[in-house]
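First the structure, in the form of structure tokens, and then the observations on it.
The values are calculated or read from the model by the stated rules, or taken from the named source; none is laboratory data. Just so it is clear, the structure is predicted and the values come from calculations on it, not from any experiment. As a convention, Cβ positions derive from the backbone with ideal geometry for all residues, glycine included, and neighbour counts pool all protein chains shown.
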Amino acid sequence: MSTTQVQDAVREKYGEIARSVGAKGCCGPTACGCGDPITSNLYSNAETAGLPSEAVAVSLGCGNPTALIDLKPGETVLDLGSGGGIDVLLSAKRVGPNGKVYGLDMTDDMLALARENQRKAGATNVEFLKGTIEAIPLPDNSVDVIISNCVINLSADKPRVLREAFRVLKPGGRFAVSDVVVRGEVPDAVRRSMELWVGCVAGALMEDEYRSLLAQAGFEQIDVEPTRVYRTEDAREFLTGNGVDVDAIAPQVDGRFMSAFLRAVKPAQSKTCCGPSCCA
Ligand SMILES: C[S@@+](CC[C@H](N)C(=O)[O-])C[C@H]1O[C@@H](n2cnc3c(N)ncnc32)[C@H](O)[C@@H]1O
């Protein structure tokens, strides 16, 4: 599928989820995986206590990026694929009134839901932008921290997303992203079934590919920290329902798919610098 076809499919899926939250107040177990092993119990009660219930109900991530990064007052944060805005609103509290948090999403109904959640939360240091993570509508060197929660795996052009993230980060800026990653070799057919379970439309990256694409984009200090490793049992019901013989593929699946926290840093000084004396 082309990048545009993937974007259309993703937009349709997440638009439907956003509309179902608006209609029912909760997205329900089948619509967006509430209560599933990937999206459930990611946030503490203390974190969700002050948030609009709709922002919590439509939490569709696979991690809790703001809990794993040190956000400072006054910083500018960008959330790639901000959905209903849960991580944007949590970041907004951390960077305070002198900071700014942008949420970027391409799905109109998700943006409408996020803006409504912003209004309910009374967050004045937040702005939701319409656009794609493959062409971020922000200037070069304008952001201190990029967060994202289970979105980059949905892109058909991951190298471009990582180049865009690098471009908009200030020198010394930090990339702090939760995403689904594959560890080790998995046969294509098995991988596709697992990706359907995880909700990856475009396919998850292998851990080594992720590291290498981050390095190619220019990032340094790359680190991949597993936060949840999925067992065959987690996916048994879904896979069986899709006609997969789970016991036959168990050895090829068990422990290979994980949610991970990916950290990287844009170097403080450009690599094209001519030397210490002329670039100081
Ligand atoms: C799995 S949800 C995650 C939402 C949010 N990060 C969270 O943790 O609840 C994916 C979100 O990313 C958005 N998205 C997916 N691909 C995108 C792209 N290429 N550009 C912009 N937004 C995208 C979708 O519209 C959806 O709102």
So, in segment 81-98, how many residues would count as being buried (at least 24 other Cβ atoms within 10 Å of the Cβ) and either over 20 Å from residue 40 (Cα atoms) or within 7 Å of the ligand (Cβ to nearest atom) (or both)? 7
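Of 137, 187, which residue is over 16 Å from residue 258 (Cα atoms), surrounded by fewer than 23 Cβ atoms within 10 Å (Cβ to Cβ), modelled with pLDDT under 95 and not hydroxyl-bearing (Ser, Thr, Tyr)?
None of the others qualify; the one that does is 187.
Which count do you get for residues in segment 225-244 that are assigned to a loop (DSSP other than H, G, I, E, B) and closer than 29 Å to residue 69 by Cα? First the steps, then the outcome.
Here is the first cut: in segment 225-244, the residues assigned to a loop (DSSP other than H, G, I, E, B) are 230-231, 242-244.
Filter once more, keeping what is closer than 29 Å to residue 69 by Cα: 230-231.
Of the residues in segment 225-244, 2 are assigned to a loop (DSSP other than H, G, I, E, B) and closer than 29 Å to residue 69 by Cα.
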Do we find that residue 17 is among the aliphatic types (A, V, I, L, M), assigned to a helix (DSSP H, G or I), modelled with pLDDT of 85 or more and surrounded by 14 or more Cβ atoms within 10 Å (Cβ to Cβ) in this structure? yes
Restricting attention to segment 140-154, which residues are more than 9 Å from the ligand (Cβ to nearest atom) and either buried (at least 24 other Cβ atoms within 10 Å of the Cβ) or within 10 Å of residue 167 (Cα to Cα) (or both)? 140, 141, 142, 143, 145, 146
Across segment 99-134, the tally of residues that are surrounded by fewer than 18 Cβ atoms within 10 Å (Cβ to Cβ), within 11 Å of the ligand (Cβ to nearest atom) and among the hydrophobic types (A, V, I, L, M, F, W, C) stands at 1
